[in-house]
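Q: Next up is a structure, given as structure tokens.
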Amino acid sequence: MREAISDSVRLQHIMECITEIGNAVNGYAFESFSEDHIRRIAVVKWLEIIGEAASHISKETKLKNKEIEWEKMIGLRHIVVHEYFGINYEVIWEAATIHIPRLKSKIEVIILDLNGNFLTN
């Protein structure tokens, strides 16, 4: 039996993928992104990992952080894994350039909270 991976570690995996996605799309327009097969597949893979990690986050952490659309992240993972021939790269682009950057700061706060480093205003 495999050892359970903590929410903190899974959230760190999400953060790593967020960073990779940001690096992959930075300086690109959709047109050049859509023509770059390797870059597209890499971003899809990182979104898949984000969705898989999100599916293993505890109910407690999800309930405490309802502002995060956990089910949408998981749903996108299911789409890219099971509908790989029908992936809409405009949706992938929107996720990578709009939703992922917004997610970054929210995940950072949760990681700090789980590690006992609370942010003060």
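Q: Count the lysine pairs in the stretch 7-112 whose Cα atoms lie under 14 Å apart, taking only pairs 8 or more positions apart in sequence or on different chains.
A: Summing the qualifying lysine pairs gives 4.
Q: Per the Kirkwood formula on distinct C-alpha pairs, the Rh of the chain is how many angstrom?
A: 15.0 Å
Q: If you don't mind, another one. Percent of Cα-Cα pairs more than 12 Å apart in the stretch 34-86, please.
A: 66 percent
Q: Which helices pass in the chain if a helix is a full DSSP H run, must span at least 20 angstrom along its long axis by Cα, and must have mean Kyte-Doolittle hydropathy not below -1.0?
A: Taking the DSSP H segments of the chain (at least 20 Å long, mean hydropathy at least -1.0), we get 7-25, 37-55, 100-114.
Q: Once the other residues with Cβ under 15 Å from the Cβ of ILE92 are scored (Lys, Arg +1; Asp, Glu -1), what is the net sum?
A: -3
Q: Would you mind pulling out the separation of the Cα centroids of the stretch 14-92 and the stretch 99-116, in Å?
A: When both Cα centres are located, 16 Å separates them.
Q: Using Cβ counts within 10 Å as a stand-in for footprinting exposure, how do ASP36, ASP7 rank, fewest first?
A: Listing ASP36, ASP7 from fewest to most nearby Cβ atoms yields ASP36, ASP7.
Q: Here's another thing I want to ask about it. Using a simple charge model, +1 on the beta-carbon of Lys and Arg, -1 on the beta-carbon of Asp and Glu, nothing else, what dipole does the stretch 7-112 show about its Cα centre, in debye to the nearest 20?
A: Rounded to the nearest 20 debye, it is 380 debye.
Q: Further, regarding this structure: Given a cut-off of under 8 Å on Cα pairs at least six residues apart, what relative contact order in percent is computed for the stretch 7-112?
A: Relative CO of the stretch 7-112 lands at 39 percent.
Q: Please list 93-99, 22-28 highest first by mean number of surrounding beta-carbon atoms within 10 Å per residue.
A: Those peptides, ordered most packed to least, come out 93-99, 22-28.
Coordinate-derived values only; no laboratory data. Just so you know, these numbers come straight off a predicted model, no measurement behind them. A quick note on method: Cβ atoms are made from the backbone with ideal geometry, for glycine too, and the neighbour counts reach across all protein chains shown.
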